[in-house]
Amino acid sequence: MLSVTILYYRGYFDYEGFKIMWPYPEFREKQKEVIDVVEKSIQDGKIVGLNAPTGFGKTIVVLYSIARFLKEHEDKKCLYVVRTKNEVRPVLKELFMLKSKADWINYTFLIAKKDMCLHRLRTDQELKLPSEDFIETCRDFRMKNLCPLKKIKPKPFSKISEFLEMAMEEEACPWYACKYMFDEAHFIVATYPYLFNPYIRQSVFSYDVGVLHLKDTIIVVDEAHNLESVTQSSDRGLSAKTVERSLSELEKYSYAITGILQKTCREYLHTLLNFMKKYRGAKRYLRLNTDYFYDEVVEKINLDILGEASETIKGIKVEMHGLRARSFLRSVWRFLHYFEIIYTLHYEDIGVFVLGDRIEVKILNPAIVTALLNEAYTAILMSGTLPP
């Protein structure tokens, strides 16, 4: 089924004009009509829902429509988000094809930092640690000037691997090389968390180079039928085993932490662990009172103190283990810090749950992460199975 849902429509373009920039010999059935509708909707800032079967060519139709608009509106950009790294590839392929017909088009992409780490790529290491741990290790490496952060001028590329190879040849961090291309890029292709996780979005698009203003951005969401589940990228969990390992870390690295600081952190961890033990073994999700968790645990813990100790331990581990460094105490701090922020900002829209030996914080209202679509210049929601 093919359907385009918009609030605005008027006539067709002169089809001969479509030949400019179109990267394929012919249009498939209905592609011209969809391009016309999508481009007119972009011009009027209307949100578009494009529902078309596999093989229709949704990606190139949308990219082409946006490119025509961006040619006349240099203050605008497109952020095209997909679920996984594998889904970045076909978008890059179509952008490569577009650039072959319109050399002015520039594009870049972002996937997980650990998949773009120069040190990991050089050694072909397999890193199984959580992304949050790697991001902090990456920060530590940068602070020690161990990472070559610089801008490069890549040749047009159609694959992630091609760009990674070019960055490695230039001795440049691939992730930062991509970020340094933001200012001149017309299209930024990224995975869901870069848009829908508010903390990742803020850290990537709000500081340093590559500031992205939503009001000037056309957002394209691929596989938009997954929007109801995007809140999962903002959920956080913590296991009792991680807390127990944090206690062991405090003991092992006690030589680097003052006695009072170590004692205080140990008391904090026991407060958390004793709370979790009350519900250990739950065989199905049990929702707790959010205020109860805050009052019994979070309010009793000074996160600045816990953060200081975890930073010290993480620094030692980075020196010892490099990219593989992971601090369990740091994981505990991140979970509690995240809860404190989300509790303050979105108290009515979150839930605290326990299952087995885990405690989890979940966002229950998808509007927290999807409302930003209304902040954008406009948005295009694409799917082959988009619900009405």
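Quick check on packing: order 106-116, 64-74 by the mean number of other C-beta atoms within 10 Å, highest mean leading.
106-116, 64-74
A simple spin-label model places the labels of LYS215 and TYR199 2.8 nm from each other, with each point 7 Å out along Cα-to-Cβ.
This model, with +1 at the C-beta of Lys and Arg and -1 at the C-beta of Asp and Glu, gives the chain a dipole about its Cα centre of some 920 debye. Label-to-label distance for ARG266 and TYR347 is 3.6 nm, based on points extended 7 Å past Cα in the beta-carbon direction.
Fewest-first ordering of TRP22, TRP333, TRP104 by other beta carbons within 10 Å of each residue's beta carbon gives TRP104, TRP22, TRP333.
Sorted fewest first by neighbouring Cβ atoms within 10 angstrom, LYS144, LYS215 come out as LYS215, LYS144. Along the charge dipole of region 174-274, Cβ charges K/R +1 and D/E -1, which of TYR199, SER234, LEU269 sits furthest on the positive end? Comparing the listed Cα positions along the dipole, LEU269 ranks first.
Maximal additional length on extending the HIS225-THR54 stretch stands at 60.1 nm, based on 0.36 nm per residue less the C-alpha distance. On the beta carbon distance between LYS85 and GLU26, with R0 = 41 Å, the FRET formula returns roughly 0.85. If you compute semi-axes √(5λ) of the Cα gyration tensor in Å for the structure shown, which of (i) 53, 30, 21; (ii) 42, 22, 20; (iii) 44, 26, 16 do you land on? Here semi-axes √(5λ) of the Cα gyration tensor in Å agrees with entry (iii).
Please give the Cα centre distance for region 303-378 versus region 172-245, rounded to the nearest Å. Cα centroid of region 303-378 versus Cα centroid of region 172-245: 15 Å apart. Fully extending the segment from ARG122 to LYS252 would add 43.6 nm, taking 0.36 nm per residue of separation and subtracting the current Cα-Cα distance. Placing dummy labels 7 Å off each Cα toward the beta-carbon, the span from GLU311 to LYS151 is 3.1 nm.
FYI, it's all coordinate maths here, none of it is from the lab. In this text, all values refer to a predicted model and were calculated from it rather than measured experimentally. Neighbour counts are summed over all protein chains in view; Cβ atoms, including those assigned to glycine, are modelled from backbone coordinates with ideal geometry.
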